[in-house]
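The values are calculated or read from the model by the stated rules, or taken from the named source; none is laboratory data. These figures come from a predicted structure and were not determined experimentally. Neighbour counts run over all protein chains shown; Cβ positions are idealised from the backbone, glycine included. We work out accessible area using only protein heavy atoms, side chains counted, and drop any ligands, DNA or RNA first. Shrake-Rupley method; radii C 1.70, N 1.55, O 1.52, S 1.80 Å.
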Amino acid sequence: MKLAFIGGGTMAEAILGGVLAAELADPSDVAIGEPVPQRRDYLSERYGVHTHQDNLKTAEGADLVVLAIKPQDLPVVFGQLGGRLDPSQAALSIIAGARMSTLSQGLQHDSVIRVMPNTPAQIGCGMTLWTCSEPVAESQRAMARSMLSTVGEEIYVSDEKYLDMSTALSASGPAYVFMFVEALIDAGVYVGLPRDMARTLALQTVYGSTRLVMETGKHPGELKDMVVSPGGTTAEGLQALERGGVPAAVVDAVNAAYLKSIRLGQG
């Protein structure tokens, strides 16, 4: 496949690395439009791909044109690419909050794919939810699916409303997890553990617990109950979390992010 990336940031690089590692495209078939000269030089030297300052030139001849820019940069890109994409091309957006109707109108283009990845894609462990407009061809959908699968798990949905929900849960979710991990490490230090030891204990605990849920298929509540002994230390700790409102705070955080995503989509 031939790919064009409009924007050469962290997520674009993650997808690029996955695609090249899976040999879905040759470096010579990839072009990246990036305004920062130092970043262009890095991407060209590191991956052997074409880099340009001109986004229109970047998009020429690509099967998929990946929009990997900040939401505030969309008007500029619309001005550069609007009405200039070939009907045979599909535009694939990883821009948070940008609805397919907004993308289609701004680009003056009917074939639009909306994607919501997350940062673990950088190590091939991402979670991506995606959808597309009706005019997107089956071959283009297959290309999108194969590309996204190189950076982790992917789920296609037919209703765009789930993209805002996944933004709040899986896209923002790593930040919630990082905050919890940081708190676990600090808690270990607080009770007397050396920081490097607390870090190792916390990271392996979170990693192992996640793997246990995934590999056993058991409900998290069932696994939680297996850890809790009557009148024991875990029961005491869980009560402290309940008193602190942690479960409700997680729900509130996801809902707040969801509502924010909706507002972003409304402009």
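Per the Cα gyration tensor, the chain maps to an equivalent ellipsoid with semi-axes of 40, 21, 17 Å, ordered largest to smallest. Pairs from the table (Lys57/Lys161; Lys57/Lys260; Lys70/Lys161) lying more than 24 angstrom apart at Cα are Lys57/Lys161; Lys57/Lys260. For Lys2, the aspartates and glutamates whose Cα falls under 13 Å of its own Cα, not counting residues fewer than eight places away in the same chain, are Glu23, Asp26, Asp29, Glu60, Asp63. Take 120-127, 8-15, 172-179 and order them by the average number of nearby Cβ atoms within 10 Å per residue, most first; the result is 8-15, 120-127, 172-179. Relative contact order for the chain: 15 percent, from Cα pairs under 8 Å spaced at least 6 residues apart, divided by residue count. On a 0 to 90° scale, report how tilted helix 195-216 is relative to the longest principal axis of the chain, with both axes built from alpha carbons and the result rounded to the nearest 10. Tilt relative to the chain: about 80 degrees. Compared with the dominant principal axis of the Cα atoms in the chain, helix 10-21 is inclined by about 80°.
Suppose all protein chains stay in the model; what accessible area per residue would a 1.4 Å probe give for the range 133-267, in Å²? Intermediate values should be presented prior to the final figure.
Numbers: 9090 Å² over 135 residues.
Computed with neighbouring chains in place, this is 67 Å² per residue.
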